[in-house]
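Below is one structure; the comments refer to it alone.
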Amino acid sequence: MATTPTPRFKLGLTSALLWATLYFVSGYISHQLNGPVELTGYIWLPAGVTVGAYMLRPMRDWLALGCAFLVAQLVLAGIEHSNYLNAVLFTINEVGAAALAVWLACRTRFSLEGLYFLRSVILAGLLAGVFAALGGAAWYAILDGAPLLGVGFVWAASDFVGVLLVVPVLASWSRFRAHRSGDQGWFDLVLGVVSFLLLAAGTTLIFDGDSSDKFGMGVGFALTYIPLFLTVVITVLLGGRSGSLAVLILALIVILETAQGEGPFPLLAGHHGHSLLEAQLYLAIASLLVLTVSTLKTTRERVHERVAVLQNNMECALASAGQIAYVLDAVSGSIDWSGDVQRVFGVGVDATQLTSVSQVLERLHPDDREMLRTHWRAEMAGENRNVVTLRIMLPDGGTRVVRDRGAPLLDWNVNVAVVAGVWQLEYPPAQVAG
C-alpha cells in the first residue's frame, strides 16, 4: 500500500511576522539603550535574533527570514528617520554574517542541547560578530575614514554579546513543554522564585545611582558578583530556560542603568560608551557562566534519566524471565540485587535485607547453605562450577526453588573482582513444605 509522504512545512506568514517583530523590538530597544552614536553602537540584540532564527529554522527558510529581517530594519529606519541605504546594507551585512556563521557552526556536530549547543552558540556568536564587523567596519572606514580596528572590535563585541543573551532564550523556549506540578520540588520552585526577585531587586540596587556614594568604590564592584551568583542559583533550581531569562533580565537592568551613567562601570570610563562596553563584557561572562552550568546540569540529568530507563528495562526483563540478578564483591562480600527480590525471597523481603553473604545464607534451606558458600567460593577462586539448585525459605514457611547461574569477572590483574549471575525460578515455581 502506498504511503503518504510527510509534508515539509515552510515558513508561514505568521511565523515570518513574529520573527520580524522580534527583530524590530530588539533593534528598537538596542537603539534606545545605545543612545546617539557616531559609528556603531555597543548593544545590538538583533544579532541574537538572526543567529537564533537560523539555528532553529531549516535552511530552506533562511531566504524568507532574511527578507523579513530586512523589512523590519527598514521599518525601524523609517521610524527613526535614518538612512535607508545604510539600513539595507547594514541588514545584508548582519544577516549574511549570521547565516554564514550558523552554516559553518552546523558543519560540526550541532544540537540544541548539551555541550554541543554551548559550543555551537559560542562558535556562531564569534563568527557572526567577526564577519559582520569586517563588513561594517570596512564600510565606515571607506565612507567616513573611521579606524578599522576600533570600530570592528566594538561591532564584533556587540554582536557576540547579543548572540549570547538572546539565542539561549530562543533555543530553550522553542523546546518548551508543560510539566506536571510534581516534576519539580516545591522547595526548589519557591527558592528559585525568591532568587528571581532577589536578582531583580539586588541588580537594581547595585547598578542604580552612584555606587561609590552608596557602597564605596571597591564594595560597589565586589557587589556585582552577587547577580552572577543568583543567575547560577536560578539555573540550578529552575533549569536552563529560567537561567537564560535571568541573564536577559540582568542584561536589561545593567545596560539601562549603565546607559544612564549609573552603576559601577561608568566610574572607570571617560564616557558612557566605554562603560557600556565594560557592561557588555560583564554580561558576556554572566551568559557563558549560566550556559555552562545549564549544559552540565542538563547533561547530568539526561545521563541519570538514561540510567533510570536502562535500569527499568533490566528490571522488566528480569521479572518477565522469573529472574533476579546479583553482583557479589569478592573483597568485601557485599551483594547488590536487581529485579523483583520479593518474588524470589517472599513478600516483605527487599534488597536492603540481603546485602551480605551471611544474610543471604539465612534465607536458604539449612541443607543448601554450605553448597552455596562452596559454590561462590569456587567462583571467586576462578573455578568453573555447574549450575546449582537452591531452596529458599519463605517467610510463610514454604520453600521456593531457584537455580544459581553465576560466573566470576576478573580485573586487570587477573584476580576475581566480582561474581555476577542470576537466580532463576523454577517453572512452575516449586512450593513444598519446609
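Label positions at Ile285 and Trp103, each projected 7 Å from the Cα along the C-beta direction, are separated by 3.6 nm. For Glu278, neighbours were defined as the other residues whose beta-carbon sits under 14 Å from its Cβ, and their charges (Lys and Arg +1, Asp and Glu -1) total -2. For the peptides 53-60, 312-319, residues were scored by their other Cβ atoms within 10 Å and the scores averaged per peptide; the highest-first order is 53-60, 312-319.
Which part of region 64-78 falls in the paramagnetic zone of Gln32, meaning amide N under 20 Å from the point 7 Å along Cα-to-beta-carbon? What the label zone holds, given the 20 Å backbone N cut-off, is 72-78.
Taking R0 as 51 Å, what's the FRET efficiency between Val347 and Tyr116 from their Cβ-Cβ distance, rounded to 0.05? Once rounded, the FRET efficiency stands at 0.60. In this rough spin-label picture, where each label sits 7 Å from Cα along the Cβ direction, the Val309-Thr292 distance is 2.9 nm. Among 246-252, 390-396, 142-148, sorting by the average number of other beta carbon atoms lying within 10 angstrom of each residue, highest first, gives 246-252, 390-396, 142-148. Determine, from the Cβ-Cβ distance of Glu80 and Thr21 and an R0 of 22 Å, the FRET efficiency 1/(1 + (r/R0)^6), rounded to the nearest 0.05. It comes out at approximately 0.85. Gain on full extension, evaluated as 0.36 nm per residue between Asp329 and Arg60 minus their Cα-Cα distance, stands at 91.1 nm.
The order of the peptides 368-376, 198-206 by mean Cβ neighbours within 10 Å, most packed first, is 198-206, 368-376. Taking 0.36 nm per residue of separation and subtracting the current Cα-Cα distance, fully stretching the chain between Leu410 and Asp188 would add 75.5 nm.
A cut-off under 11 angstrom between Cβ atoms defines the neighbours of Val51, and their net charge, with Lys, Arg +1 and Asp, Glu -1, is -2.
Only the coordinates and a few stated rules stand behind these numbers; no lab work does. None of the values given here were measured: they were computed from a predicted structure. For neighbour counting, all protein chains shown are included, and Cβ atoms are generated from backbone atoms with ideal geometry for every residue, glycine included.
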